[in-house]
Amino acid sequence: MPTAAAPIISSVQKLVLYETRARYFLVGSNHAETKYRVLKIDRTEPKDLVVIDDRHVYTQQEVRELLGRLDLGNRTKMSQKGSSGLFRAVSAFGVVGFVRFLEGYYIVLITKRRKMADIGGHAIYKIEDTSMIYIPNDSVRISHPDEARYLRIFQNVDLSSNFYFSYSYDLSHSLQYNLTVLRMPLEMLKSETSKACQESFDIFEDEGLITQGGSGVFGISSEPYMKYVWNGELLDIIKNTVHRDWLLYIIHGFCGQSKPLIYGRPVYVTLIARRSSRFAGTRFLKRGANCEGDVANEVETEQILCDASVMSFTAGSYSSYVQVRGSVPLFWSQDISTMMPKPPITLDQADPFAHVAALHFDQMLQRFGSPIIILNLVKEREKRKHERILSEELVAAVTYLNQFLPPEHTIVYIPWDMAKYTKSKLCNVLDRLNVIAESVVKKTGFFVNRPDSYCSILRPDEKWNELGGHV
């Protein structure tokens, strides 16, 4: 059983890109710089991406010798003594991915990072800067007049804003999922990881991750939840050809951590927000849901609380609570071509059998189980029907779907006109939200990693049992 590990995403933490006329050589190492891997990227192909991973683990001395041979072999005959045949192009901290527009491929590298949080001894970083390097050599480049325009559009996505990653902690999954993977029996773990990793060992096994009786299983590689992975498409082209240590999955959203004192005891409060990469888009441009049940602007928010004095998943105390926000799961949109502060809401497609809502809540049930509780903050009272259109359709959809669910697993619908409460001077919005939050948390429960938790007697009143709360 692991002691302080988490599902491993990427073990290559330091990169250097070397350049010759015919190839790029991407040299990656672990944090201690004791073990290395090398990727060879062909530069003679104008359109296709050719990446070769020899899957060999090099020592520091072996890498130096390899780079020396490459340098010597790529020097021109005329100037063997004077010039170098191998150039150091850039240093980096991870590969964001590969992208192509109308010419050849680019490689996107993380060149600057900042540590934002620590969960169980696993660092979470924010991307501060990136570098985008064109792969084909100028001699084989086939120019296209519109390439620069597409490149500018791609670079409009500011990767130095709100993008996060970790080398050793799976940010796409919740803490509960990650710790459940760690506690799986070894036999089950082998079968789970065999799909993700064909090799029976990991090169970084001696860095305090896992050892169990010489079984040969080192580290855990769980498949990320691709819905919350931003660069999945950018890594897709190399996913099946390179070792998993090269694959660094990035989330778009937020990660912050503070360290308050509770009764003189330090605790870490961590907030992670994962933004869905499916049906993504800015407000007004994306509304409602797509045909697969993915809703616009969906964000999964996780609040993690842990004892700051013990940074270990097995010895420390951790709790987390997860909630999701997103657009109303119906086929609807708003016409932004009209110069109006509140564009009219249009139901784009009749859905009498609540098909799209069913797909959306099916995703929720598969990921979280029941009960699924909807807190609808849409306006209920309006002089002219606007947002209420969505409320009426959502109520109809939930009522229809609940017919097919067992009573104990039905979707709970809580309407609360927040705008009306905000305008009223007599009502305190936070007080009302506290009542709702207490009721919801007692119904859904929250994750605690220790069996000796006192969560069952935090509220030693009859209300807990009435609401169905249990440990």
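The values are calculated or read from the model by the stated rules, or taken from the named source; none is laboratory data. Note that the structure is predicted; figures quoted are calculated from it, not measured. Cβ sites come from the backbone with ideal geometry, for glycine too, and all protein chains shown count toward neighbours. These area figures cover heavy atoms from the full protein model, side chains too; ligands, DNA and RNA do not enter into them. Shrake-Rupley method; radii C 1.70, N 1.55, O 1.52, S 1.80 Å.
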note = Burial-style ranking of 427-440, 42-55, 268-281, average other-beta-carbon count within 10 Å with highest first, yields 268-281, 42-55, 427-440
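Determine the share of region 329-470's accessible area contributed by carbon and sulfur atoms, expressed in whole percent, with a 1.4 angstrom probe. Numbers along the way, then the final one.
Working: 5430 of 9380 Å².
Here it works out to 58 percent.
Please compare each pair in LYS14/LYS115; LYS126/LYS443; LYS385/LYS423; LYS259/LYS423 to a cut-off of 26 Å on the Cα-Cα distance and tell me which ones are over it.
On the way: LYS14/LYS115 15 Å; LYS126/LYS443 34 Å; LYS385/LYS423 19 Å; LYS259/LYS423 35 Å.
Over 26 Å Cα-Cα: LYS126/LYS443; LYS259/LYS423.
What does the charge count around VAL27 come to, taking other residues whose C-beta lies under 14 Å from its C-beta (Lys +1, Arg +1, Asp -1, Glu -1)? List each step's numbers first, then the result.
On the way: positive: LYS14, ARG23, LYS35, ARG37, LYS40, ARG64, ARG69, ARG88; negative: GLU19, GLU33, ASP53, ASP54, GLU62, GLU65, ASP71, ASP245.
Its environment carries a net charge of 0.
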Two-site FRET efficiency, THR314 against LEU72, from Cβ-Cβ distance with R₀ of 51 Å, rounded to 0.05 = 0.55
request  = Would you please state which residues of region 244-271 a label at ARG450 would reach in this model, taking the label point 7 Å out along Cα→Cβ and a backbone N cut-off of under 19 Å?
outcome  = 259-270
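Determine the dipole magnitude for region 96-140: charges of +1 sit on the beta-carbon of Lys and Arg, -1 on that of Asp and Glu, nothing else is charged, the reference point is the Cα centre, and the result goes in debye to the nearest 20.
Numbers: 6 positive and 5 negative charges, 50 e Å.
Computed about the Cα centre, the dipole is about 240 debye.
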ask   = If you place +1 on the Cβ of every Lys and Arg, -1 on the Cβ of every Asp and Glu, and leave all else neutral, what size is the dipole of region 48-143 about its Cα centre, to the nearest 20 Debye?
value = 300 debye
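I need the Kirkwood Rh of region 329-470: take the reciprocal of the average 1/r across all distinct C-alpha pairs and report it in angstrom.
Working: mean 1/r = 0.0560 Å⁻¹.
Kirkwood radius, region 329-470: 17.9 Å.
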key: SER160 paired with VAL50, simple spin-label distance in nm, labels 7 Å along Cα-to-beta-carbon   = 3.6 nm
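I'd like the carbon and sulfur percentage of the solvent accessible area for region 90-157, probe radius 1.4 Å, heavy atoms only, ligands and nucleic acids excluded. It would help to have the intermediate numbers written out before the result.
On the way: 1470 of 3100 Å².
Summing carbon and sulfur atoms, their accessible area is 48 percent of the total for region 90-157.
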Radius, Kirkwood style, for region 294-343 when every pair of distinct Cα atoms is counted (Å) = 14.7 Å
query = Label-point separation (nm) for ASP146 and LEU102, each offset 7 Å from Cα along Cα-to-Cβ?
reply = 0.5 nm
message = Before I look further, what does region 329-470 give for accessible area per residue, probe 1.4 Å, in whole square angstrom?
response = 66 Å²
ask   = How compact and how long is region 314-412, expressed as Rg and Dmax of its alpha-carbon atoms in Å?
value = 16.8, 58
